[in-house]
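Report on the structure given below.
The values are calculated or read from the model by the stated rules, or taken from the named source; none is laboratory data. Since this is a predicted model, take the numbers as computed values, not measurements. As a convention, Cβ positions derive from the backbone with ideal geometry for all residues, glycine included, and neighbour counts pool all protein chains shown. Only protein heavy atoms, including side chains, enter the accessible area calculation; ligands, DNA and RNA are left aside. Shrake-Rupley method; radii C 1.70, N 1.55, O 1.52, S 1.80 Å.
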Amino acid sequence: MKYFIDCEFIEYPCTIDLISIGIVAEDGREFYGINADCNYDKAGEWVRENVLHNLPPRNKNIDWMTLRTISAMIREFLSKDLNIEFWGYYCDYDWVAFCWLFGTMEDLPGGYPMYCRDLKQWCDVLGNPKLPEQDPKLEHNALEDARWNRSVYYYLEEIERKQNEIQPSGA
């Protein structure tokens with residue numbers, strides 16, 4: 001099963017601090033977790049202006065949890081699937097943040113691939129078509145971005161299908 005992921009994070013020298021993670025399964029199930037342990041004081045101006053305002057208040061949302069809880073809940077969310085594919089958009093840092101939820105990449109649970117497929121790379125291979133627009137009010141929210149990633153996947157899949165169609169003879 002395909003899982004579309006997105007992470008919001010704080011990047012500072014030599015580390016990535018997970019803010020939140022969204023995962024959307026191709027069957028429609030969703031997971032959203034916000035890191036209650038994140039050092040939000042280290043957030044740069046861009047993260048403060050574009051990401052932090054998307055987070056719900058801590059005292060009114062069950063999505064705030066420790067990294068350990070996020071990791072356990074992701075394991076449960078993915079537990080019934082043996083054929084997992086992860087997809088993200090510009091997902092290199094997202095993938096590092098995801099792997100660190102379990103320790104190192106070597107600590108990924110059995111059955112998890114050691115890589116995430118990148119929608120932007122697939123887009124480039126297909127000639128860099130204009131992607132569906134995301135509502136700017138929803139951008140930089142990990143769950144909303146994961147939902148958008150799923151829509152981008154199906155959009156690119158359709159473009160690839162059309163590109164691979166055999167033209168009728170004489171056309």
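Taking the listed residues Pro132, Pro136, the one that is over 22 Å from Arg75 (Cα atoms), part of a loop (DSSP other than H, G, I, E, B) and either modelled with pLDDT of 95 or more or in contact with a Leu (Cβ under 7 Å, 6 or more places away or on another chain) (or both) is Pro132, with no other qualifying. Among the residues of the stretch 59-105, those identified as outside any helix (DSSP H, G or I), over 17 Å from Glu144 (Cα atoms) and in contact (Cβ under 8 Å) with a residue 60 or more places away in the chain are Asp81, Asn83, Ile84, Glu85, Leu101. Residues that are free of Cβ contacts under 8 Å to residues at least 24 places away in the same chain and outside any loop (DSSP other than H, G, I, E, B) do occur in the stretch 106-119, at least one of them. Put simply, of Ala72, Ala97, Ala146 the only residue that is of a type in the set (Gly, Ala, Ser), more than 29 Å from Trp46 (Cβ to Cβ) and surrounded by 12 or more Cβ atoms within 10 Å (Cβ to Cβ) is Ala72.
For Trp122, the stated conditions hold: it is at pLDDT 95 or above, more than 21 Å from Phe9 (Cβ to Cβ), part of a helix (DSSP H, G or I) and open to solvent by less than 60 Å² (accessible area, probe 1.4 Å).
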